[in-house]
Amino acid sequence: MFEKQADLIQKAGIMLNKAMQEGQYEESLVNKLFTLAKECDDLTLSIIQKNQETFITPFDREDIQQFANAADDIVDSILNIARSARLLKVKKKRNELSRLGDTIEKSVTRIAEIVNLLKNKKQATAILKSCHKVKRFKNEGELILDEIMPELLNDNDIGDIFRWKEIMDKFRDLLRSYEKYVLIIETMLIKMV
């Protein structure tokens, strides 16, 4: 089930990147992301229920619950970005967003790879290296967001500044959710070894 969650994370991230590359946050995108978020919610509930019913689990029950919820938070964050971009009618396509979209796609792809590696305890070193890479992507994304702010302040449209500030806050939430997710994985690995 964790693999299915990771797949949903990856699909949502790729869809968001495509929208960012095109500068288009249409209602159809939000609807597709909403469907993925609902599917992830249902999957999270299933994981938590199975966690309660299973006598022996590969990880601590608390870690499993945090892991499932953190995956759900990532998909919800992606949905919130697309929803806000559409509602706030973000029009300008910024080059920095294209770079940020690439960083998001690299992050979600790496997360999916990490989850697939979790099946094998012997992959602990590779998993930890990949977790470190996701944290680097998070830092890269933060730097890109920091580049946007000075350019925004040069704009004369105060409404545009506030709209972009709202979107940038949602991107920061997404980047933090990646970091939280891999920190949970690292904790689970430490307990396994």
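Bear in mind that the values in this text are calculations on the coordinates, not laboratory data. Values in this document were obtained by computation on a predicted structure and should not be read as measured data. For neighbour counting, all protein chains shown are included, and Cβ atoms are generated from backbone atoms with ideal geometry for every residue, glycine included.
Some values worked out for this structure:
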quantity: Cβ-placed point charges (K, R +1; D, E -1), dipole of the chain about Cα centre in debye, nearest 20; calculated: 480 debye
quantity: Structure-derived Cα Rg over 2.2 N^0.38 Å - corresponding label in (1) 1.26; (2) 1.07; (3) 1.01; calculated: (2)
quantity: Burial order of peptide ranges 180-190, 116-126 (average beta-carbon count within 10 Å, highest first); calculated: 180-190, 116-126
quantity: Dipole of the range 87-177, positive direction: furthest Cα of Phe162, Leu174, Ile144, with charges on the beta-carbon; calculated: Leu174
quantity: Most mobile of Phe162, Phe137, Phe171 in a GNM of the chain (Cα contacts under 10 Å); calculated: Phe162
quantity: Most to least packed among 143-153, 3-13, 72-82 [average Cβ atoms within 10 Å]; calculated: 72-82, 3-13, 143-153
quantity: Gyration tensor verdict on the range 66-121 (Cα atoms; rounded if a/c is under 1.5, prolate if a/b is larger than b/c, oblate otherwise); calculated: oblate
quantity: Expected 222 nm ellipticity per residue - DSSP helices of 4 or more, -39500 (n - 2.57), all of the chain, to 500; calculated: -30500 deg cm²/dmol
